[in-house]
1. What are the residues whose amide H is under 5 Å from the amide H of Val211, where those residues sit 5 or more places off or on another chain and H is modelled from the backbone?
2. Kindly state, to the nearest 0.05, the FRET efficiency for Val216 paired with Ala316, given R0 = 60 Å and r defined as their beta-carbon distance.
3. What's the FRET efficiency of Arg112 with Ser465 using the Cβ-Cβ distance as r and R₀ = 30 Å, to the nearest 0.05?
4. Pairs of Cα atoms under 8 Å, at least six residues apart: use those to get the relative contact order of the stretch 9-236, whole percent.
5. Provide the percentage of antiparallel DSSP beta bridges, counting only those with both residues in the chain; round to the nearest 5.
6. With viscosity set to 1.002 mPa s at 20 °C, what whole-number translational diffusion coefficient in µm²/s follows for the chain from Stokes-Einstein and a Kirkwood radius over Cα pairs?
7. In vacuum, with every alpha carbon of the stretch 9-236 counted as one equal point scatterer, what does the Debye formula give for log10 I(q)/I(0) at q = 0.07 Å⁻¹? Two decimals, please.
8. Give, in whole angstrom and from largest to smallest, the semi-axes √(5λ) of the equivalent ellipsoid of the stretch 405-485, with λ running over the eigenvalues of the Cα gyration tensor.
Amino acid sequence: MSSASSGPLVVGVDSSTQSTKVLVVDAATGEVVASGQAPHTVSSGASRESDPEQWWDALCEALRQCGAAAREAAAVSVGGQQHGLVTLDARGRPVRPALLWNDVRSAPQARRLVEELGGAKVWADRVGSVPTPSFTVTKWAWLAEHEPASVRATAAVRLPHDYLTQRLTGSGTTDRSDVSGTGWWASASESYDEEILRLVGLDPALLPRVVHSGEVAGTVHARGELPFSKGTLVAPGAGDNAAAALGLGLRPGTPVLSLGTSGTVYAVSERRPTDLTGAVAGFADARGAWLPLACTLNCTLAVDRVAALLSLDREAVRPGGAVTVLPYLDGERTPDLPHASGMLHGLRHDTTPGQVLQGAYDGAVHALLGALDAVLDADADRSEPLLLIGGGARGTAWQETVRRLSGRPVQIPEARELVALGAAAQAAGLLTGEDPAAVARRWGTARGPVLDAVERDEATLSRISSLLSDAAPLLNGALDGAHGV
Ligand SMILES: Nc1ncnc2c1ncn2[C@@H]1O[C@H](COP(=O)(O)OP(=O)(O)O)[C@@H](O)[C@H]1O
Ligand SMILES: O=C(CO)[C@@H](O)[C@H](O)COP(=O)(O)O
């Protein structure tokens, strides 16, 4: 144990879309004693793919940056971007790059699968979610259609965090939160859905064992490149949103808005979600509850791209004007417009670049707030502060846009890496036998300033909603036949 720390050390990992972040945390106090970060690359054009081996290299590099502290860790847990399809051959090597959550090429397969199983209600009742192109099941169906040789070469199917956990332990495991985003796990029975697996021709033997909260996924076996000692415990891990919910010590009904590559809005619920409109994904959380969540494909990266196009700093927003921006550069998931592209409307001679940039923030936040009511249970307190997390939460323009368009108080937790902290809390819970959310509450991770509510900017919200409905044929890609983003 390091002389400065009072408890055993644990490692929490966030393998997200853009990078891997690692925290070494004192399990007794929650103090972050070391951290590391290494980037990933994502393909551009129509696809969004990453090489799983790059995630492993990034994890090793981020751990190296943590120095001696990582060697003292007694337990480790991996949180990761959800939904990605990782296909491994018989030797455990990736058959091809992983298809990521924001790759919308499987939109036709998503539509077809909804119909083939009997419609949206059947999916919502059984799986808890109506699959969009983000869901793993649609990606497997896409692969079967477009690359049958890759499917034939596949001996194991994993999610991103499963892949990393397997490289640590040597055995194929997943967890309740992440498996609930595959589309082949029935939330009603909490088991793999054999009918859906048959529908897409996926042998259940290729899938990992689901490890539950409080159970051990294994111990570290791949010591060669890693700083861990033999026998270091590996926790089940989690999807990144469920890990952040753990990291905040979230109680039912408190809403979270996360601003990263994806924008997400979610809350913990005791009730299993079954939204048949498809706007709310009925995820399980990483304990025994649920995590109804809505997700956008275009958040910080899309707004940063608009700022770059305008040659502006991301904070150089200006109020006023009536320009409306739908920043759907990657197609969109909420609202469900996989073939959409970005749209600018209401340009005048006196429109300034800063107003266009503000329009992009407004368009991104409008999509998330539009789903907030659907995510919250009917009895949730609507005046409670929104917890704002993710890389974007550090930006003033993001904070002020959320405040103005939500009309709610906004709380900014001082703790930065909530996904990695949640994973660390899960690892700590494994050592102490505590509920990981209680560990995070003990660490005080959600503490941070609360920005008071301001009057909700109804005019901007309704201007964006009107453009969305007036431009529906264009956004659906029906007019230009542009079905590739
Ligand atoms: N100070 C800041 N102000 C505004 N945005 C920021 C700031 N720092 C980072 N970001 C944004 O955070 C994003 C990364 O957020 P993060 O939650 O780490 O993403 P992900 O988990 O998807 O990889 C970047 O795209 C960047 O736009
Ligand atoms: O698809 C979803 C949730 O359904 C995304 O939230 C991914 O989990 C990616 O997360 P980030 O890389 O943006 O953190």
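Bear in mind these aren't lab numbers, they're just calculated from the coordinates by the rules spelled out. Just so it is clear, the structure is predicted and the values come from calculations on it, not from any experiment. Glycine also receives a Cβ, built like all others from the backbone with ideal geometry; neighbour counts cover every protein chain displayed.
1. Under 5 Å from the amide H of Val211 lie the amide H atoms of Thr174, Asp175, Arg176, each far enough along the sequence or on another chain.
2. Working: r = 49 Å, r/R0 = 0.82.
Step by step, r from the Cβ atoms, then E = 0.75.
3. Numbers: r = 30 Å, r/R0 = 0.99.
That pair, Arg112 with Ser465, gives E of 0.50.
4. Relative contact order of the stretch 9-236: 20 percent.
5. Working: 44 of 64 bridges.
Percent antiparallel among DSSP bridges in the chain is about 70.
6. Working: Rh = 22.4 Å.
Estimated via Stokes-Einstein, D reaches 96 µm²/s.
7. The computed values of log10 I(q)/I(0) come out as -0.22.
8. Details: eigenvalues 342, 102, 14 Å².
After diagonalising the Cα gyration tensor, the semi-axes are 41, 23, 8 Å.
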